[in-house]
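Read through the structure below, which is laid out as structure tokens, and then see the notes.
The values are calculated or read from the model by the stated rules, or taken from the named source; none is laboratory data. All of these numbers come straight from a predicted model, not from anything done at the bench. Note that each Cβ is placed from the backbone with ideal geometry, even for glycine, and that neighbours are counted across all protein chains shown. Note: accessible area is taken over every heavy atom of the protein model, side chains too, but ligands, DNA and RNA are not part of it. Shrake-Rupley method; radii C 1.70, N 1.55, O 1.52, S 1.80 Å.
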Amino acid sequence: MCGVVGIVYAKNNPRLGRVGSFLLKKLEYRGYDSTGGAFFKNNETVTLKKKVGSPSKVIHELDLEKLSGYKFIGQVRWATYGAVTDENAQPHEVNCRTRLLGAHNGNISNTDSLKEFLSEARHRIISDNDGEMLVHLVEHFYQEQLVLRKNPDRQTRVTDLLQAILRANQKAVGSYAACFAAAECDGIFAVKAGSSLYAGKGTDEDGDFIVVSSDLTSVLAKTRFLIPLVEGQGIYFSADEYFVFSLQDGQRSVPGLKRSKLNITDITLQPKYHFFMEQEIASTMVNLDMMLKYYFSLNWEKPYFSIFECHGQDCKEIVFELLKLYTIFERDKLKDAFLKIVGSSRFEAIAGEINDLQSPGRPNDVPAFFSSDEAQLLRELREFGEEYYPALFTLDLIIIWKKKRKVIRFKDETVAMFQQSFAAGGRVFFIGSGTSYHAALTAGFFFNNLTSLGIVPCNPDLFRSIYINSLRAGDVLVAITQSGETKDLVDILNQVWKKFGKLIRIIAVVNNENSTIPQEKAEFFLPLLCGPEIAVAATKSFSAQLALFYLLAASMKKDASQPQANLEKVTHLIGYTLKTCEEDITEVMLKFFLKPSIHILGTSLIGLAREGALKIREVVLNHAEGYDAAEFKHGPNTILGKSTLYSFMDLENVLSDMADFSRALFHNQAVPEGDRQKVADRFFNWIHDFKFSDFSTEIENDPLLGSGKINCCQDLYRQFREQVNAERYFSNYPLIFVCPPQERDIRITISQIHTHKIRGADVVLIAEENEELKKALEGRPAAMDGYFFKYIKIPRSGDSNIFIFQAAVVLQLLALKMSVAKMKYLNRAHIENHGVHPDVPKNVSKSITVD
């Protein structure tokens, strides 16, 4: 995944370099292999600069912030087609037939055939990047359009370039978003052909502008007013004008602007945090509060909601009218429309009953801030005056009521659907990829513990290869996806709909409520309500998935109050766990962050173990694997003891010992001073070539080390073999046990700790305090002086289900700390493009899709 961005001002802007650099940095989490930008001036001159490296690095190396112009195209690259080189960096500038610049995000799958076509047409291909093929392709058809005209004016050139883009899109196969610009056209073309693209219109200190980007974050950083774009559309824009066109037939339209519901603070790194992953782990408690807010009836809400139920249709119409305000951008007109809503007879009737309810004073537990989905709009309306707060408070409650009644209805319908399926002998499949799959595995633990009913957790490929042909009427599919756009999951759902139709019921569990799966592939959806997740590694969305699955499992029981009380307890305990365990987590991080491989062993918690390992693999880039604790002894335990796994620290020790040997060699009086460098070179050449066994023969035959010096050299060699000995660099293998507070699980964990630590393991235990576990952990194996252990004691709940939430954030925080430590270590070692970063690790990416 890459990222493209484009922006146009009305005239040359001396600060365009700063603006473009700011936008590129916003996209850094989408690509760091290379960075580039093209700056266009009104006199049709273009400056293109690009280079291998992340935006934060390249911007300074190329002095991008100093450049000026009136329009800009930029790209950050995550390499797929073509190596990480300056030539493959984007934007690409082509001028085989006519000058054109462009950049893309996505993949063009028929790149090889396009390269052949373009080469035959005598285009000069200088890279093996699919983006260059796309830009050449547009150039090819653009020139064909131009030759049909004589002296085309600027507007005609816009039409010709549009036709070229349509023809190129028909010939290119793949999913992409792209920006194209010619110096003789005032604006920029951007297309959304299978990859994300957002557009917005705004004004800043440099004047009016229109901006496009692969990612919503960078657009919202400039403006809250969005230009609606859907799949299969493109846009042409200058500083203050635009039109949207269909990629199929070129039909044009000018859709009205839409005000974003997101507040920029929702997607901005707060000053107290250094990384989005850190911020998102810390926000877990707030996100769970939101789930409590929408999935349960709260006492203080009941009198208000009773009023809304009595005026149900009026409330729905009020919300409908309120949402129309998103299309109004002039301040005076916005105020007039708002006053019309709150001045209507239906609103005044509801507000009057609310005021009567509040006459003795508002209850203490009623929130004093807006918390509905339209909170950002309400905050803007509050700027008209504090006297409107009571009306806005009522509107906020109406919006919450409308959504909440639907969420609770769908939750209850889901529980009833599960009960009917189980009663009829059907199966309930929980299907997700990556973190969502691990949440599905953990859901199986909840259902087994709380209901004695077994769900079937699987990822899309497992479902396709093992279960899909055995589906029958009464089975239920729960599609789990943070983004709502997971391609593997969409394909599975399409296949099920095509083969079985409505015989199979499908529910979606999503964070992005306006995405493909909840809107098109499921009967209804259950929202995760955790807001935008910017770091690539999922953290808060995993905790939200766990909370929802615990809620569903617990709701299968008759006591409906218990899940609410327990989730309230979870919210408190997560914060307490992060605070009390941080010091121990830091100690483990310092011991393990450079270990090349780790196993996380979950006793009855395979889903949690796999998720913890995935976090380490994603952001630390160390090999990590999650396993069932009892299963580890069936083969994977062969990695314990002596192995060929060496870490950076082991390498440092080897180099340090070799340096000590070199110093000893150079100070040895038996070797003439003039020959010491040559003797050292001989030694290390033999070491490099593994000529240990025939060392004496090598010395005898070496004219430099003749028989008169052989005893000295043999003595030095023996010293070296004693000092630089592979045996000295073997280290224990790290195991992290995760043990819930159940007696059977504790007994299994004790047994496995004893079994593995004597075979060469360092052991970390994540569990509630238990004396027997402590004894098993602290007992030092015989002849293993280097044994390391650490007990990360989880605050006691006595509930295995609650323990999962606490252990999850401990594993997330450990991965975060390991990532930061390793990143700093590699940076100090001046290792380029290592890809370790808690927010933007190499080879993985995701898009922010919540709005």
Relative contact order of the chain, pairs being alpha-carbon contacts under 8 Å that are 6 or more residues apart, as % | 10
Using the Karplus equation 6.51 cos²θ - 1.76 cosθ + 1.60 (θ = phi - 60°), what ³J(HN,Hα) coupling, rounded to whole Hz, does each residue of the stretch 389-400 give in order, writing x for Gly and Pro?
-> 4, x, 5, 5, 4, 5, 4, 4, 5, 5, 5, 4
With a Förster radius of 35 Å, plug the Cβ-Cβ distance of L323 and K302 into 1/(1 + (r/R0)^6) and report the FRET value to the nearest 0.05.
-> 0.85
Cβ-Cβ cut-off under 14 Å around D314, Lys and Arg +1, Asp and Glu -1: the net charge is -2
Given a cut-off of 19 Å, name the pairs among K324/K406; K579/K824; K261/K569; K11/K71; K633/K757; K595/K824 whose C-alpha atoms lie farther apart than that in the structure shown.
-> K324/K406; K579/K824; K261/K569
For the chain, with the dipole built from +1 on Lys and Arg beta-carbon atoms and -1 on Asp and Glu ones, taken about the Cα centre, which of T451, T284, L608 lies farthest toward the positive end?
-> T451
Average Cα contact separation per residue, the stretch 58-107, under 8 Å, 6 or more apart, as relative contact order % | 30
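Cβ neighbours within 10 Å, averaged per peptide: list 15-28, 340-353, 121-134 in order, most packed at the top. Show your work: numbers first, answer last.
Values: 15-28: 22.2, 340-353: 15.3, 121-134: 20.0.
Listed from highest to lowest mean packing, they are 15-28, 121-134, 340-353.
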Excluding ligands, DNA and RNA, what is the solvent-accessible area per residue of the chain at a probe of 1.4 Å, expressed in Å²?
-> 41
Once all Cα-Cα distances of the chain are split into 20 Å bins that start at 0, what whole-number percent is in each one?
-> 13, 38, 34, 13, 2, 0
Under the Karplus relation 6.51 cos²θ - 1.76 cosθ + 1.60, θ = phi - 60°, what is the ordered set of whole-Hz ³J(HN,Hα) values for the stretch 238-248, x standing for Gly and Pro?
-> 10, 6, 9, 10, 7, 9, 9, 9, 7, 6, 7
May I ask you to derive the relative contact order of the stretch 526-623, considering only C-alpha pairs under 8 Å and at least 6 residues apart, and to give it as an integer percent?
-> 20
Spatial separation of Cα centroids for the stretch 379-433 and the stretch 737-788, in angstrom | 44
Sorted by average packing, counted as other Cβ atoms within 10 angstrom per residue and highest first, what order do 778-789, 168-179 take?
-> 168-179, 778-789
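Calculate, in nm to one decimal, what R382 and E348 gain on full extension: separation in residues at 0.36 nm each, minus their alpha carbon distance.
Difference between extended and current length: 10.4 nm.
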The stretch 404-532: C-alpha gyration tensor shape, a/c 1.5 cut-off, then a/b vs b/c = rounded
A chain fully extended from S68 to H274 at 0.36 nm per residue, minus the present Cα-Cα distance, gains in nm 71.1 nm
Residues with amide H under 5 Å from that of F243, placed H, sequence gap 5 or more | Y236
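Quickly rank 544-554, 154-164 as a protection proxy: mean count of other C-beta atoms within 10 Å, highest first. Can you show the working numbers first?
Numbers: 544-554: 24.9, 154-164: 17.9.
Going from most to least packed, we get 544-554, 154-164.
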Separation of the stretch 491-531 and the stretch 231-265 by C-alpha centroid, Å?
-> 27
Any idea how far the Cα center of the stretch 3-22 sits from the one of the stretch 307-348, in Å?
-> 38
List the trypsin sites (Lys or Arg not before Pro) within the stretch 488-579 that fall in a DSSP loop (any state other than H, G, I, E or B) and whose Cβ has at most 16 other Cβ atoms within 10 Å.
-> K557, K558
Count charges around I281 for me, please; just the other residues with Cβ under 15 Å from its Cβ, Lys/Arg as +1, Asp/Glu as -1.
-> -2
A chain fully extended from A424 to E582 at 0.36 nm per residue, minus the present Cα-Cα distance, gains in nm 52.1 nm
For the chain, with all protein chains present and a 1.4 Å probe, just round the carbon and sulfur fraction of the accessible area to a whole percent.
-> 49
